[in-house]
Amino acid sequence: MSFDQNAFLIIFTASLISISCGLLGVFMMLRKMSMTGDAISHAVLPGIVIGFFVSGSQRGLEVIIGAGILGILATLIIDWLKNKAKVQLDASIGITFTLLFAIGIILINMLAYKVDLDQECVLYGEIAYLPIDLWITDAGFSMGPRITYLAVLNLVLVSVFIFLLYKELNLTSFDENFGLVIGLPAGAINLALMSMVSYTTVSSFEAVGAILVVALLVVPPATAFLWTKKLTSLIKLTCALGIFIAITGYYMAYLVDSSIAGMMVAVGGIVFLGSAFVKSIKPNWIFGTSTSIKPLEN
Amino acid sequence: MSDFLYFFTFQDSSIAFVVIGITLLGIGSAYVGTYSFLDKKALLGDAISHAVLPGICLGFMLAGEKNPIYIVTGAFLSGALATFLTSWLKSNTRLSDDAIIASILSIFFGFGVVLLTVIQKSGNPEMAGLNQFIFGNAIAILEEDLYIYGGLAILIIITLTAFRKEFSMLVFNADFGKSIGYPMGAIRLVFNVLMILAVVIGIQAIGVVLMAALLIAPGAAARFWTDKLGKLLLIAGAFSAVSGILGTYVSFVIPQMPTGPWVVVFLSLFAFASFLFAPKKGVLSRFIARKYYLKKTHQDHLLKLIYHGLESGKNSFPIEEIYESFPYRKRQTKHTIDELLKTDLLTLNQGLIDFTSKGKSEAKRIVRLHRLWELYLNEYMNIAPDHVHDSAEKLEHILTPELEALLENRLNYPKLDPHQEAIPRDNDEL
C-alpha cells in the first residue's frame, strides 16, 4: 500500500486525541469518576452551541470558553445536588448531564438556521473530513488540517498539566484524605482535572463527537487497568492502546465504509472485552496467586 | 392557543394515541426507574439505554424497514447483552462500577454508530425513521406501534405492582430475602428484564441518549416528597406522565423539535423544584428549619444564662452583661433579646433584664431538662458527673414533654442533679 497522506493525518490526529483522552481518563478512572467524565462530555454541549452562536464559527475561543464554563458548572451542580440537596451520587450525575445535554439539543434546533452545527456532527463527529478542513492563514497560505493543530495543542496542554501535577494527581487519586492532611488543595486539583476534561472534550468533539469522547476517556484506561498494577505502566499502556485503536479503527472503517470514530470505539471495545475475557480464564498457576493482591484499589 | 385546544381536546385520534402511549411508557419507565434508583443502580439504566442502539440498527437492517417487532427484539437483546456484560465484568475484573458502566455504555454506542453509518451509506429511504431513536419523536408513535409499546408498558406496570413485595425486598434488603428462602437471583433477572423493556419502549419517545433521565429523575424527585414506597411510585409516575405529555405537546407545536429533550427539561424542572421546595427534605425547608433551630437554641441559652444569674443570688441582670457572655455575637444576641421581649418572656427596664412569669417557667423548664438529663446519664449510664454537661447541652433543646415525664418518673422526681444543684420545678421559689 502506498503512503496515503490523508490516512496518515487522520490516524495521527486520532492517536493524539485518544492519547490526550486516555491520559486524563486514567486519573478519572482511579478516582472512580468515569461517569463524571461521561456527564461532563454530555454537559459541555450547550456551552459549545452558545459559543458557536456568539462567535459565528467553530474556530472561536468563545466555543472553548463556553464549553469550559459548562463543564465546570456541571461538576458544581453534581456536587451541589449530592452535598446540599442530598440526592444520591448516581442520580445527581444522571439528572445533571441529561438536563444540560437536552438544553444543548434544544438550542441546536432553535438556532439550526443560524449555526452550522447539527445533531449528528455533535453526536458522532466526522474525522474523515479532517484533511479538507484546512487552517488557512490571512495571507492565504494553507497550514494543513485545523483539527490536527487543535489535537496537538490539546495533547501538549494535557501532558504539561499531568507532568506538573503528577504527584498531586497521583496522591489525591489514591488517598484524598491523606492529600488533604499534608495540605494539598484536593478540591482545586479536582476542579482543574475537570476543566482539562471539558477542554479536551471540546477540542475533540468535532473529530469524534461528544459521546465517543467518553469511550476514549474510559475504555483504554479500563483495558490497561486489567493488565497492569503500576501507575506508570498504566499510563504507557493506555497511550499505546490509544494509538492501536486509532490505526485499527481507521482501516476497519475503511473496510466496511463506516464512521471512523465509531469504529475506533468498537475496536477499543473488542480489545477491552477480549482482555477481560482472557484475564478471567487465565489459570492462576501462570502468575502464581497474585490476583488476590489488589494494590490499585482503595 | 388553538394548537393548545386542538392538542388537549384530542380531536385528532392520532394525538389521543400519542398521549395514551407517552403516559403509559412514562409511568412504566418511572416505576422501573424508581426501583433502580432505590437500588442505587440508577446509571445502569443509562448504560442500557445507550446499549440498545446497535440492537435497533441490527433489527432495522434485518427487517429492511422500521418494523417495531424487529426493532424491539433487537433492542431488547442488545440491552440484555449489555446488562449481562456489566454484571460479568463486575464479578470477574477489578474494575470499579462506574468504569464498567461507562465502558459498556460507550462501547455499545460506538458499535451503534458504526451500524448507523453503514445504514446511512446504504441509502435506505426508511433511514429517516431511525434517527428518531436518537432523540425520540413521540408524535411518530402510530396506532400499531402503540399496541406493542403500550402493551409492554402495561406489562411492566402490572408485574411491578403484582410482585411489589419481592421487588422491594430486592432493592431494600436482598440478603434478607435470600435468607428467608426467596429466589433473589430469579427476581433480579426479572427486574433486569423489566428495566430493559422499559428502556426499549421509552426510546421511542425520549431517544437513547436521554432515556436515563426518564428512569432517574422521576424517582429522585418523588423521593423528596414521601418516605412510603406506594406514594413514591405514584408521584414518580405522575411526574413522568405529565412531563411526557408536555414534551409531546412542544414537539407537536414546533415540528422540527424532537420530543426527548423537552421531556427531559420538564422532568428536570419537576426534579429541581422538588429538591428546592419539597416540604421537610427540600433545600429551602431544611435551611429554614436549621435557622429556626439555631434561633431556638440561642434563646434557650440566653434564658438559661439569666436563670443561672438569678440562681447565684443576683437580683437583676444588666443587658450589657448578657452581651459580654456571648462574645462576637452581639447582633444575634440583640435580635434574640428583642424576640424574647416581643414574645413576653423577658422585660427590659432601664437596661436591666428580668423574667416575666412566663419567661421564668420557660427558663426553669430548660434548666430542668438539662439537669434531669445529666442525672439520667450519671445514674443509668454510669457517666462521671464532669462528663455529662456536653450531652445535656444538646439534649435540653430537643427533649419533648413526654420524655421529660418519663425521665421524672424513672428518676423518681429527684431534687438535685449530679453537681448538687437544685432541679427547678414550676412551683419552686427561686
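Say a paramagnetic label sat at a point 7 Å from the Cα of B:HIS335, along Cα to Cβ; which residues of the range B:266-299 have their backbone N under 15 Å from it?
Counting backbone N atoms under 15 Å from the label point, the list is B:287-299.
At what distance in angstrom do the alpha carbon centres of the range B:212-235 and the range A:229-285 lie from each other?
Centre-to-centre (Cα) distance: 39 Å.
Would you compute, from DSSP H runs of 4+ residues alone, the mean residue ellipticity of the protein assembly as shown at 222 nm, taking -39500 (n - 2.57) per run and dividing by the full residue count, rounded to the nearest 500? It would help to have the intermediate numbers written out before the result.
Values: 31 runs with 542 residues, N = 728.
Here the helix-only value at 222 nm equals -25000 deg cm²/dmol.
If each residue's Cβ is checked for other Cβ atoms within 10 Å, how do A:ASP90, A:ASP38, B:ASP300, A:ASP175 rank with the fewest at the top?
Details: A:ASP90 25, A:ASP38 29, B:ASP300 21, A:ASP175 14.
Fewest-to-most ranking of A:ASP90, A:ASP38, B:ASP300, A:ASP175: A:ASP175, B:ASP300, A:ASP90, A:ASP38.
Suppose each label sits 7 Å from its Cα in the direction of the beta carbon; what would the B:LEU403-B:ARG164 distance come out to in nanometres?
Between B:LEU403 and B:ARG164, the label points sit 3.3 nm apart.
Just the number, please: Stokes-Einstein D of the range B:243-339 in µm²/s, Kirkwood Rh from C-alpha pairs, 25 °C, 0.890 mPa s.
Working: Rh = 17.8 Å.
Translational D for this selection: 138 µm²/s.
For chain B, modelled as a Gaussian network with Cα springs under 10 Å, which listed residue fluctuates most, B:GLU402, B:GLU393, B:GLU143?
Top of the fluctuation ranking is B:GLU402.
May I ask you to evaluate 6.51 cos²θ - 1.76 cosθ + 1.60, the Karplus curve with θ = phi - 60°, for each residue of the range A:102-110 and list the ³J(HN,Hα) values in order in whole Hz, giving x for glycine and proline?
My calculation for the range A:102-110 gives 4, 4, x, 5, 4, 4, 4, 5, 6 Hz in order.
In the range B:293-328, whose amide N lies under 12 Å from the spot 7 Å out along Cα-to-Cβ of B:ASN349? List them in ranges.
Of the residues in the range B:293-328, B:316-317 have backbone N under 12 Å from the label point off B:ASN349.
In terms of Cα to Cα distance under 23 Å, which lysines are near enough to A:LYS229, apart from those fewer than 8 places away along the same chain?
Counting by Cα, and skipping residues close in sequence, A:LYS229 has these lysines nearby: A:LYS32, A:LYS167, A:LYS279, A:LYS282, A:LYS294, B:LYS90.
What is the Cα radius of gyration of the range B:30-83 over 2.2 N^0.38 Å, N being its residue count?
Numbers: Rg = 12.7 Å, N = 54, 2.2 N^0.38 = 10.0 Å.
Dividing the Cα Rg of the range B:30-83 by 2.2 N^0.38 Å gives 1.27.
Please list, in chain and number order, the residues 5+ apart from B:ILE353 or on another chain whose amide H is under 5 Å from its amide H, with Hs placed from the backbone.
B:PHE317, B:ILE319
Taking neighbour counts of Cβ atoms within 10 Å as a proxy for exposure, in what order, fewest first, do B:ARG365, A:ARG146, B:ARG331 appear?
With the fewest neighbours first, B:ARG365, A:ARG146, B:ARG331 line up as B:ARG331, A:ARG146, B:ARG365.
Using every alpha carbon pair in chain B, what percent of pairs falls into each 20 Å bin from 0 up to the bin containing the largest distance?
Percent of pairs per bin, in order: 22, 34, 22, 19, 2.
Quick check: the distance between the Cα centres of the range B:79-121 and the range B:130-182, to the nearest angstrom?
Going from one Cα centre to the other spans 21 Å.
Pairs of alpha-carbon atoms within less than 8 angstrom and 6+ residues apart define the contacts here; what relative contact order does chain B have, in percent? Write out the running numbers ahead of the final one.
Values: 577 pairs, mean separation 71.1, N = 430.
Rounded, it is 17 percent for chain B.
Where does the Debye-calculated log10 I(q)/I(0) of the range B:360-411 sit at q = 0.15, 0.23 Å⁻¹, using only Cα point scatterers of equal weight, no solvent?
-0.36, -0.82
What is the Cα coordinate range of the range B:114-244 on the first, second and third principal axes, sorted by size from largest, in whole angstrom?
So the three principal-axis extents are 57, 31, 26 Å.
What FRET efficiency comes out for B:ALA63 versus A:LYS230 if R0 is 56 angstrom and r is the Cβ-Cβ distance? Round to the nearest 0.05.
Values: r = 49 Å, r/R0 = 0.88.
It comes to 0.70.
With the convex hull built on the Cα atoms of the range B:169-239, state its orientation-averaged projected area in nm². Can you show the working numbers first?
Details: hull surface 21.9 nm².
Its average projected convex-hull area is 5.5 nm².
Using only the alpha-carbon atoms, what does the range A:202-252 span along each of its principal axes? Please give whole angstrom values in decreasing order.
Projected onto its principal axes, the Cα set of the range A:202-252 covers 33, 24, 15 Å.
With the dipole of the protein assembly as shown worked out from charges on the C-beta (+1 for Lys and Arg, -1 for Asp and Glu) around the Cα centre, which of B:LEU5, B:LEU229, A:LEU45 lies farthest toward the positive end?
Most positive-ward Cα: B:LEU229.
Helix B:184-206 against the longest principal axis of chain B: what's the angle in degrees, Cα atoms only, rounded to the nearest 10?
Taking Cα atoms only, the helix is inclined about 70 degrees.
What's the percent breakdown of Cα-Cα distances in the range A:5-279 across 5 Å bins, shortest bin first?
Pairs per bin, as whole percents: 1, 6, 12, 17, 19, 17, 14, 8, 4, 2, 0, 0.
Would you mind giving the average projected area, over all directions, of the Cα convex hull of the range B:1-60 in nm² with one decimal?
Values: hull surface 24.9 nm².
So the mean shadow area of the Cα hull is 6.2 nm².
Taking neighbour Cβ counts within 10 Å as the exposure measure, how do A:PHE277, B:PHE4, B:PHE37 sort from fewest upward?
Working: A:PHE277 15, B:PHE4 11, B:PHE37 28.
Fewest-to-most Cβ neighbours within 10 Å comes out as B:PHE4, A:PHE277, B:PHE37.
Please list the radius of gyration and Dmax for the protein assembly as shown, considering alpha-carbon atoms only, with Å as the unit.
For the protein assembly as shown, the Cα-based Rg and Dmax read 31.3, 107 Å.
At what distance in nm do the modelled label points of B:ASN427 and A:LYS86 sit from each other, each positioned 7 Å from its Cα along Cα→Cβ?
Between B:ASN427 and A:LYS86, the simple spin-label model gives 4.3 nm.
Need one number: nm distance between label points at B:LEU5 and B:TRP88, each 7 Å from Cα along Cα→Cβ, rounded to one decimal.
So the two model labels end up 5.9 nm from each other.
Comparing B:TYR182, B:TYR380, B:TYR70, which has the greatest mean-square fluctuation in the GNM of chain B with Cα pairs linked when under 10 Å apart?
Most flexible of the set in this elastic network: B:TYR380.
Using the alpha-carbon atoms, what tilt in degrees (0 to 90, nearest 10) does helix B:330-342 show relative to the longest principal axis of chain B?
Its long axis makes an angle of about 80 degrees.
On a full-extension model of 0.36 nm per residue, what is the gain between B:ILE288 and B:HIS419, subtracting their alpha-carbon distance, rounded to one decimal in nm? Could you put the intermediate results ahead of the total?
On the way: separation 131, 0.36 × 131 = 47.16 nm, distance 3.64 nm.
Once the chain is fully extended between B:ILE288 and B:HIS419, it gains 43.5 nm.
How large is the direction-averaged shadow of the alpha-carbon convex hull of the range B:285-355, in nm²?
Working: hull surface 19.7 nm².
Directional mean of the projected Cα hull area for the range B:285-355 stands at 4.9 nm².
No lab work stands behind these numbers, since they all come straight from the coordinates. Bear in mind that the values here come from a model prediction, so they are computed numbers and not experimental data. So basically every Cβ, Gly included, is an ideal-geometry build from the backbone, and we count neighbours across all protein chains shown.
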